[in-house]
1. Quick one: among VAL68, VAL24, VAL41, which has the greatest mean-square fluctuation in a GNM of the chain with alpha-carbon springs under 10 angstrom?
2. Expressed as a whole percent, how much of the Cα-Cα distance distribution for the chain exceeds 20 Å?
3. Nearest 0.05, what FRET efficiency do MET91 and VAL22 give at R0 = 35 Å with Cβ-Cβ as r?
4. Testing the spin-label approximation: label points 7 Å from Cα along Cα→Cβ at ALA35 and GLU108. State their distance in nm.
5. Taking only Cα atoms and a 10 Å spring cutoff, compute GNM fluctuations for the chain and point out the largest among LYS17, LYS45, LYS78.
6. Compute the acute angle (0 to 90°) between the alpha-carbon long axis of helix 78-92 and the principal axis of greatest extent of the alpha-carbon atoms of the chain; round to the nearest 10°.
7. Which net charge results when you count Lys and Arg as +1 and Asp and Glu as -1 among the other residues whose beta-carbon is under 15 Å from that of PRO23?
8. Compute the acute angle (0 to 90°) between the alpha-carbon long axis of helix 100-111 and the principal axis of greatest extent of the alpha-carbon atoms of the chain; round to the nearest 10°.
Amino acid sequence: MKTNTQRLKEIKELIGKLQKDVPVQIGAFNKFMMAAETSTVIDKKNLELINLALGIAAQCEWCIALHVKNAIDAGATKEEILEAAMQAVLMHGGPALMYMIPVENAIEEFIN
């Protein structure tokens, strides 16, 4: 079973490969991502909590690892992360509930 740290490494490696293979497209995506994550209205912690909930609903374990780590780095507590995750469960149902497993694993890995 992969750790969340391994998933973060895989994301970094993927972006590096894509920068070589499809630099125009990944450059445009990165520029869009940076613009979308630069808000003057919603703070970084809450953006990460929103992204976490969306990652859970999309059933993306790499997204979960990334956004749990980023949320913690932005000052989110375990309780805030779990509450945001439960919003995804509310909106996406049982399948999202199962993605609470990687959320719990990421919290344990990155907080402890």
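1. Highest fluctuation among the options: VAL41.
2. Details: 2652 of 6216 pairs.
The share of Cα pairs beyond 20 Å in the chain comes to 43 percent.
3. On the way: r = 32 Å, r/R0 = 0.92.
With a Förster radius of 35 Å, E is 0.60.
4. Distance between the two pseudo-spin positions: 4.1 nm.
5. LYS17
6. 80 degrees
7. Details: positive: LYS17, LYS20, LYS31; negative: ASP21.
Overall, the nearby charge balance is +2.
8. It is inclined by approximately 80 degrees.
No lab work stands behind these numbers, since they all come straight from the coordinates. Everything numeric in this text was worked out from a predicted model, so none of it was measured. Neighbour counts run over all protein chains shown; Cβ positions are idealised from the backbone, glycine included.
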